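The values are calculated or read from the model by the stated rules, or taken from the named source; none is laboratory data. Note that the structure is a prediction, hence the values are computed from the model and not measured. Using ideal geometry, Cβ is built from the backbone for each residue, glycine included, and neighbour counts are taken over all protein chains shown.
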Amino acid sequence: MALQSPPPSLLHFLEQYPGYYIIAHEEPDGDSIGSQLAFASFLRRRGKQVILLSPGPWQRKEIAPYRSFFVDTLSRAEVNNRFGLLVLDCSSISRTAQFATILVGLDTAVIDHHQPNGVAQGAVQYIEPHAPSTTLLIQKIIESFGETPTPEEARHLFLGFATDTGFFRHLEVEAADSLELLSRLARKGITPKSIYRETFGSYSLESRLYLARILSTMEPYFQGKLLITHILHEEYQTFGSDHRQSDPLYQLLLSVEGCEAVAFLREEEQRKTSVSLRSPDTLNVALIAQKLGGGGHKNAAGYVTSLSYQEAKAELLEQFRLVFGSNP
Ligand SMILES: [Mn+2]
């Protein structure tokens, strides 16, 4: 399946302004940050001013080295109204926390690979739900101008692709087109090996104990079709927020025989629980996440609720009861 190319309206948008704010969703990840960095570098090469914004919080190790390139506060008075706004890896500035009210009114283009939950923002949209990462869309934009990414841009683009695809594991029918784009990054000297070492090595021992703790909370429901794990507010504090990584957790649980979905509930505050959903194959967890106020992809989705862990779990089990048509 060929990935859509950027619409002419977007290429025009990128010529139109002397400068751009580039922002992406809160809780940045490799894809949002990699997309922002590569895009900023490319636009600067074209003589544009760029201000990179990120609402944070910065929780992931693989993006930590880039934090100093991003601005995390901006007052309404400081906003340059001659700039355009580029929203990446989400389709609404409502996902940008403190910036959502500040950037209202700027001409906006949205570049995203999620199916929009509701109406996407911006007069200009490049939304390709078949793209496994936003970085591939940025690469397609760069190539649409007849340019190629610099080696540094290529490294940022590869990083986003690698993290959003669980290092290639989640690629499906879009693989052929994606790997063609990737091959051009590899020609710049960016290899899976170098990105893997940079991204998935050097974790603290504590981060592995955190995984062990979560794994030990695993409860099977619906005859093992749904596996639920969690961490409570107090414990979440104890483990600290540095270098937490849950991808290996999903990898372990999704490989359990008979498992059709995995849920990880993180009670962040007494009345705030974030829920991550994964499925190995056909079960579409994005539909459940959307019903409960979130979004995502068929096999990886999530939402945040103002419920305690116990309440959030009850609400989630009710949704899965409808999916499986039986009691937990
Ligand atoms: Mn993404």
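A few comments on the model shown:
- Residue 130 in contact with a helix residue (DSSP H, G or I) (Cβ under 8 Å, 6 or more places away or on another chain) and at negative phi: no
- Qualifying positions in region 93-128 - part of a loop (DSSP other than H, G, I, E, B), within 16 Å of the ligand (Cβ to nearest atom) and modelled with pLDDT of 90 or more: 113, 128
- Scanning region 210-224 for residues that are loosely packed, with under 15 Cβ neighbours inside 10 Å and either touching a Lys or Arg at 6+ places or on another chain (Cβ under 6 Å) or touching a residue at least 24 places away in the same chain (Cβ under 8 Å) (or both) yields 213, 215, 223, 224.
- Of all residues in region 146-202 being at positive phi and surrounded by 13 or more Cβ atoms within 10 Å (Cβ to Cβ), the one that is nearest to the chain's Cα centre (by Cα): 166
- Residue check, residue 326 small (Gly, Ala, Ser) and over 27 Å from residue 212 (Cβ atoms): yes
- Residue within region 272-283 that is under 27 Å from residue 207 (Cβ atoms), modelled with pLDDT of 95 or more and part of a helix (DSSP H, G or I) present: no
- Close contacts from region 164-177, counting a first residue that is more than 15 Å from residue 2 (Cβ to Cβ) and a second that is among the acidic types (Asp, Glu) and within 15 Å of the ligand (Cβ to nearest atom), with Cβ to Cβ under 7 Å and a gap of 6+ residues or different chains, come to 164/31; 166/247.
- Any hit, region 138-155, residues being within 16 Å of the ligand (Cβ to nearest atom), over 19 Å from residue 5 (Cα atoms) and outside the structural domain of residue 281 (by TED's automatic domain parsing): no
- Any hit, region 17-28, residues being within 30 Å of residue 206 (Cβ to Cβ), within 16 Å of the ligand (Cβ to nearest atom), among the acidic types (Asp, Glu) and out of contact with any helix residue (DSSP H, G or I) (no Cβ under 8 Å at 6 or more places or on another chain): yes
- Inter-residue pairs, beta-carbon under 8 Å, first more than 12 Å from residue 158 (Cβ to Cβ) and hydroxyl-bearing (Ser, Thr, Tyr) and in region 132-143, second away from the ligand (no atom under 15 Å from the Cβ) and at pLDDT 95 or above, 6+ apart: none
- Filter pass, residue 71 being more than 14 Å from residue 103 (Cβ to Cβ) and more than 16 Å from the ligand (Cβ to nearest atom): no
- Against the test of being touching an Asp or Glu at 6+ places or on another chain (Cβ under 6 Å) and either surrounded by 13 or more Cβ atoms within 10 Å (Cβ to Cβ) or without any contact (Cβ under 8 Å) to a residue 24 or more places away in the chain (or both), the options 56, 34, 19, 47 yield a single qualifying residue, 56.
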